[in-house]
Structure formats: structure tokens, C-alpha cells
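The structure appears below as C-alpha cells.
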Amino acid sequence: MQSLTRRDFQQQALGSLLTWSLLDTLFSRNAFGDEVKLIASKWLAELNAMSLDLKGKKLEQVQWMKQVEQLLAKVDLAEMLKFIDFDALTKDLKFQDRGELSLRPKMPKIEGHPTLVYGNQVFALNKDRSVVPHGHDNMATAFLILKGNFHGRHFDRLEDDKTHMIIRPTIDGTFGPGTYSTVTDVKDNVHWFQATTDGSFIFNIHVMSVKPGATGRVYIDPDGEKLSGGRIKAKKINHAEANKLYG
Ligand SMILES: [Fe+2]
């Protein structure tokens, strides 16, 4: 019994040695890097096609959300981190005292790869810091958690006047690595992500000006007057106020 266990152990150890030596070979030949580039570039091209369709009104906003989420569900995080050269991007970071630090990953140039219609960035936050509560005008975005954990909240944006936004909670949960959510003008338009661990990172894509015209964030204070049916009357505030309250 004991010898069997020992033999099993040896076989396992040999197995992992073989794996490591194979990986080593692949890495030194950069075969793995090329493979990663191929997978990720296909992924980004698909995302690009969807976003072009969204802007061209070939794709409804909720359809874009559904398709992007299906795509994000398939992403291999390890590959993604390699593709955006996460280690280099996040080396010697100085996290913000309030709110998120925005990093711009350099996407590798790949032959035949389309010019991206969407922007991408990586948000870096330490524990308790937030991507502060905000809605979006004429914008579609997605978050994919790369590292760490977050308390993530979304709200539907039901009505607007000059000073307030009427919102209703839709998503409220824990988001860990590999989880994602999406935003459009018609659904889950307001989001707020608070890091619950140090060294937490979000990959963000954003399609600006879904329809021709102005686009941008609208900051709010979701701690407003409670209305019927779970609705909240949230005051519109500026970025400095939002950062002071929630950053
Ligand atoms: Fe946002």
C-alpha cells in the first residue's frame, strides 16, 4: 500500500516535471505567446465586431450586453493577463488615496487586427477604494475582474431631471476574478465597485457615443430618498464629491 502510494507520488512528480519542461520549451520558443496572441486577438476582434454592430444599430443594446457577457465568460484570465502584459503594466504601482488608478494597457500589434472601436483600460484599487457610483450617457461598457474581490452594484437608470436621477438596484453581489458585468443606456446603467481586497484590478472596455453625440459619466449619490418600488432619488454630484463620499 505504502509502495503504491510512493509510486503514485513519483509518477505525479514526474508528470509535473514533464509539464514544466514542456512549458519551459514552449515559453523559450515563444510558441505559447503566439498562441495567446491568437486567442486574445480573436476575442478582441469579436468584441470589436459586436461594438461596431452596436454603433451601427445592427445590435440592440441588451443584445450587446448578452453577447459581450457570453464572450467574457469564455475568457481565460491567465491568457488575458499575458496578452495585456499585466506584470509590466502593474509594476511599482502607486495606488490612489481615493478612487481608481486608470492604467492603459498596450495591446500588442497584430497583423490583420482591426482598429478597435472601443477603448480599454485597467483600474487598480486597494481595499475599500471604489470605482465611485456613476451612470453613463450614450455609452456601453463592460467590467471583467482580473484580480482581487469587489462588492459590485448596478442600478437601472429610470428617470432624470437636472439635479437628480431615479434609480433602482438590479445587481448587488461579490465579484471575484473572472466575473463580469455590463452597462448600457437601457439596462444596469449605473455601477459602483468597491474593492474588498488590496491589489484589485478590473479590465474595462467602453464604447463611447453609441449614437452620434455627447457621451460620458454622470456621478450620483445613491444614498438618496427612498421612493416606492425600491426606487431611489439619487442626487447628481461632481467627480470630486463622489470621490470624497465613495472613493
Ligand atoms: Fe462606468
Rg and Dmax of the range 133-194 over Cα atoms: what are they, in angstrom?
-> 11.9, 37
The range 70-221: Kirkwood hydrodynamic radius (Cα pairs, Å) comes out at 16.2 Å
First measure r as the distance between the Cβ atoms of Val62 and Asp92, then evaluate 1/(1 + (r/R0)^6) with R0 = 41 Å and state the FRET efficiency to the nearest 0.05.
-> 0.50
Give, in nm to one decimal, the length gained when the segment between Thr179 and Ser209 is fully stretched (0.36 nm per residue of separation minus the Cα-Cα distance).
-> 8.2 nm
Across Lys147/Lys211; Lys127/Lys235; Lys94/Lys162; Lys74/Lys187, pairs whose alpha-carbon gap is larger than 31 Å | Lys147/Lys211; Lys94/Lys162
So between Asn120 and Gln70, what do we pick up on full extension, going 0.36 nm a residue minus the alpha carbon distance?
-> 16.2 nm
Quick one: which residues, 5 or more positions from Trp192 or on another chain, have an amide H under 5 Å from its amide H? H modelled 1.01 Å from N in the peptide plane, none for Pro or chain starts.
-> Arg153
Length gained, Arg217-Asp198, 0.36 nm per residue minus C-alpha separation, equals 4.3 nm
Label point at Lys187 placed 7 Å out along Cα→Cβ; residues across the range 60-85 whose backbone nitrogen lies under 11 Å = 60-70
Counting only residues 5 or more apart in sequence or on a different chain, those whose built amide H sits under 5 Å from that of Met139 are Asp185, Val210
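Laboratory data are not the source of any read-out in this text; all were calculated from the coordinates shown. Everything numeric in this text was worked out from a predicted model, so none of it was measured. Cβ sites come from the backbone with ideal geometry, for glycine too, and all protein chains shown count toward neighbours.
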